[in-house]
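There's a structure below that I have some questions on.
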Amino acid sequence: MKLSEEKIHLDGPVGAIEIIVENPGAPRGIALICHPHPLFGGANTNKVTQTLARTFTRLGYVALRPNFRGVGESAGLHDNGRGECEDMLAILAEAKRRYGDLPVALAGFSFGAYVQTRVAQALAEANHPAQRLVLVGTAAGHVEGARQYAAKAVAHDTIVIHGSVDQTVPLANVLAWAEPLDLPVIVVPGADHFFHRRLHLIRDIVTRAWRH
């Protein structure tokens, strides 16, 4: 399937938001994909983020990959997840105007997964819950660099994927977050934080889950 990929800019709460859009045509849903930490080189061209977007377009979703504040051509400064959540909600509102009131899938990698737990909570509180979440390498608990992440509670059908040898976000952190939520975690043996040589497994896990 040949996909049209375009770069657009939307007006967000603090200025322009740069977004890569991949549209399969006549989409059945909207997939919003968030990238890893912007202060550590994260951007919407990250391979895990790109893999998630292409997986969703194959499933018939229009995939939007924004750059967080201060990354690429996106305005503003890093806001530790608060402003980033506001920006994602603004993007979703505009996406629904452009593509219709379609189901929304939220996906994110690392810091982006943490942000999506906040976005999901905001959507649920507004009585417009997301269809489903996919969280990869979720930033939870104490992470290298003296950062602490209180990832929000998420729905029980959330797809949580983590590498067994993740040295950025230890697997134990994610298990500690997931355990009180009765949330299963899919562990990929031998996978590091960036899923080197195992990106295809992310695609396969999500595709299988969506087709059930």
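With respect to residue 69, is the statement that it is more than 27 Å from residue 205 (Cβ to Cβ), of a type in the set (D, E, K, R) and in contact with a His (Cβ under 7 Å, 6 or more places away or on another chain) true?
The answer is yes for residue 69.
Let me ask something else. Being charged (D, E, K, R), assigned to a helix (DSSP H, G or I) and within 18 Å of the chain's Cα centre (by Cα), is that true of even one residue in region 183-205?
Within region 183-205, one or more residues are charged (D, E, K, R), assigned to a helix (DSSP H, G or I) and within 18 Å of the chain's Cα centre (by Cα).
Being under 20 Å from residue 198 (Cβ atoms), open to solvent by 60 Å² or more (accessible area, probe 1.4 Å), at pLDDT 95 or above and in a loop (DSSP other than H, G, I, E, B) is the filter here, so list the residues in region 141-177 that pass it.
If the condition is that a residue be under 20 Å from residue 198 (Cβ atoms), open to solvent by 60 Å² or more (accessible area, probe 1.4 Å), at pLDDT 95 or above and in a loop (DSSP other than H, G, I, E, B), then 165 is the only one that fits.
Moving to a separate point now. Look at region 9-29 and say how many of its residues are in contact with a strand residue (DSSP E or B) (Cβ under 8 Å, 6 or more places away or on another chain) and in a strand (DSSP E or B).
Residues meeting the conditions: 12.
Taking only pairs six or more apart or across chains, which ones have beta-carbon atoms under 7 Å, a first residue in region 91-109 that is more than 19 Å from residue 12 (Cα to Cα), and a second residue that is of a type in the set (Ser, Thr, Tyr)?
Listed pairs, sorted by first residue: 105/61; 109/49.
Also: Does region 114-130 contain any residue that is among the charged types (D, E, K, R) and in contact with a strand residue (DSSP E or B) (Cβ under 9 Å, 6 or more places away or on another chain)?
No.
The values are calculated or read from the model by the stated rules, or taken from the named source; none is laboratory data. Given the structure is predicted, the values throughout are model-derived calculations rather than measurements. Methodologically, a virtual Cβ is constructed for each residue, glycine included, from the backbone with ideal geometry; neighbour enumeration extends over all protein chains shown. Ligands, DNA and RNA are stripped out before the accessible areas are found, and what is left, the full protein with its side chains, is counted by its heavy atoms. Shrake-Rupley method; radii C 1.70, N 1.55, O 1.52, S 1.80 Å.
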